[in-house]
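Throughout, read-outs are computed from the coordinates displayed, never taken from laboratory work. Please read these numbers as outputs of a predicted model, since none were measured by experiment. We place every Cβ from the backbone using ideal geometry, glycine too, and count neighbours over all the protein chains shown.
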């Protein structure tokens with residue numbers, strides 16, 4: 001059964017891109033260097049023959065050591081998928097802009113639902129943690145403290161795909177392939193974001209990559225729900 005217009009247009013699809021807070025390990029304060037070493041060794045995250053400074057290129061995966069440089073959202077209006085991005089070096093400004101959007105985007109005069117792939121393990125808590133670190137108020141939509149499971153309005157396509165199976169992780173790229181959808185990983189992948197940001201200074205390419213992820217995410221959700229996917233000609237990047 002296809003989703004109703006209200007169900008489709010009430011969802012905001014999102015993806016985030018994160019990087020280490022500094023270009024390299026030697027640039028971070030000494031106390032934080034020790035804390036990174038403690039985390040990476042205690043949790044046995046150090047790869048074979050990898051040094052502590054080399055491991056810092058993965059710091060963007062952790063909200064305590066990374067930062068958000070891009071949030072892209074997508075929403076459907078009358079079968080058109082609109083894409084909007086919040087990006088830049090000023091994390092506080094982009095978090096404030098994102099919060100303003102989700103608090104004021106109310107189709108059918110209802111609060112929105114958020115949808116992300118692996119969002120409950122990564123995107124949602126990462127955004128909330130970075131807001132706390134930056135001394136910003138967490139949007140009510142992301143503040144789940146004290147809420148009952150059925151009161152949480154956060155959708156996770158990975159969780160939907162698992163159907164209760166907690167043993168496996170399925171990437172967005174793999175899901176796109178098996179569902180016959182275009183791959184979002186054509187120009188780059190997540191492991192390259194830090195290099196494109198710190199070394200190549202190509203934030204615009206990171207934003208385009210993140211936009212492609214959101215388009216794929218949207219269509220994966222629609223496929224899971226048995227709905228019609230959005231064709232390329234019905235995607236509008238007019239809000240960038």
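Structure data summary
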{"read-out": "Helix axis angle, 203-224 relative to the chain longest principal axis, alpha carbon, degrees", "value": "50"}
{"read-out": "GNM top mover of 184, 111, 53 - the chain, alpha-carbon springs below 10 Å", "value": "53"}
{"read-out": "The chain, relative contact order in percent, only Cα pairs under 8 angstrom and at least six apart counted", "value": "28"}
{"read-out": "Debye log10 I(q)/I(0) for the range 40-139, one point scatterer per Cα, at q = 0.15, 0.16, 0.17 Å⁻¹", "value": "-0.72, -0.80, -0.87"}
{"read-out": "With Cα atoms, 0 to 90° folded angle of helix 30-42 axis to the chain main axis", "value": "70"}
{"read-out": "Candidates 133, 102, 11: whichever shows maximal mean-square fluctuation once the chain is modelled as a Gaussian network with Cα springs under 10 Å", "value": "133"}
{"read-out": "Residue-averaged 222 nm ellipticity for the chain, from DSSP H runs of 4+ at -39500 (n - 2.57), nearest 500", "value": "-10000 deg cm²/dmol"}
{"read-out": "Angle in degrees between helix 123-133 and the longest Cα principal axis of the chain, rounded to the nearest 10", "value": "50"}
{"read-out": "58, 135 arranged by Cβ crowding within 10 Å, fewest neighbours leading", "value": "135, 58"}
{"read-out": "Neighbour-count ranking [beta-carbon atoms within 10 angstrom, fewest first] of 202, 151, 17, 9", "value": "151, 202, 9, 17"}
{"read-out": "Enclosed volume per residue, in Å³, of the convex hull spanned by Cα atoms of the chain", "value": "152"}
{"read-out": "log₁₀ of I(q)/I(0) at q = 0.19, 0.25, 0.29 Å⁻¹ - the range 22-64, Debye sum with one point per alpha carbon", "value": "-0.50, -0.90, -1.22"}
